[in-house]
Amino acid sequence: QVQLVESGGGLVQPGGSLRLSCAASGNIFGITTRGWYRQAPGKPRELVASITSGGRTNYGDSVKGRFTISRDNAKNTVFLQMSSLKPEDMAVYYCKTSTYWRDYWGQGTQVTVSS
């Protein structure tokens, strides 16, 4: 089992920045791709960004150029730096961690963008 603990969500004004973190613990052997997804009320969960074990990144079209995903393998943590936040970025953000055998999801952290 892999346990994921997310942190860093909160309230931010439009144009502001937030940094999300997702720390993995437990049976971390075999972790491959890590990513962030988000889900707004009434909408399906969507990919925000992902990063492979080799560092290759992929971003959703709506966040390209504003968000940056990174990972610290020594600390088993993946980060999402979010800048130039817009009201439409408001959602619950979920960390997803894949291993060779299955995927794991974090509990979610709320990001609210409002003035």
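When each of 7, 83 is tested for being out of contact with any strand residue (DSSP E or B) (no Cβ under 6 Å at 6 or more places or on another chain) and under 17 Å from residue 112 (Cβ atoms), the lone residue that passes is 83.
Are any of the residues in segment 47-54 open to solvent by 50 Å² or more (accessible area, probe 1.4 Å), in contact with a Gly (Cβ under 6 Å, 6 or more places away or on another chain) and modelled with pLDDT of 95 or more?
yes
If you go through segment 94-115 and keep only what is under 14 Å from residue 40 (Cα atoms) and part of a strand (DSSP E or B), you end up with 94, 109, 110, 111, 112, 113.
Hey, can you tell me all the residues within segment 12-33 that are under 24 Å from residue 1 (Cα atoms) and either surrounded by fewer than 16 Cβ atoms within 10 Å (Cβ to Cβ) or in contact with a His (Cβ under 9 Å, 6 or more places away or on another chain) (or both)?
If the condition is that a residue be under 24 Å from residue 1 (Cα atoms) and either surrounded by fewer than 16 Cβ atoms within 10 Å (Cβ to Cβ) or in contact with a His (Cβ under 9 Å, 6 or more places away or on another chain) (or both), then 25, 26, 27, 28, 29, 30, 32 are the ones that fit.
If the condition is being open to solvent by 40 Å² or more (accessible area, probe 1.4 Å) and modelled with pLDDT under 95, then segment 77-101 contributes 100, 101. Restricting 36, 105 to those that are open to solvent by less than 70 Å² (accessible area, probe 1.4 Å), under 19 Å from residue 6 (Cβ atoms) and among the aromatic types (Phe, Trp, Tyr) reduces the list to 36. For the condition in contact with a Cys (Cβ under 9 Å, 6 or more places away or on another chain), more than 14 Å from residue 21 (Cβ to Cβ) and modelled with pLDDT of 95 or more, residue 37 qualifies.
The values are calculated or read from the model by the stated rules, or taken from the named source; none is laboratory data. Because the structure is predicted, anything quoted here is derived from the model rather than measured. With ideal geometry, Cβ positions are generated from the backbone for all residues, glycine too; neighbour counts draw on all protein chains shown. With ligands, DNA and RNA removed, areas are computed over all heavy atoms of the protein, side chains included. Shrake-Rupley method; radii C 1.70, N 1.55, O 1.52, S 1.80 Å.
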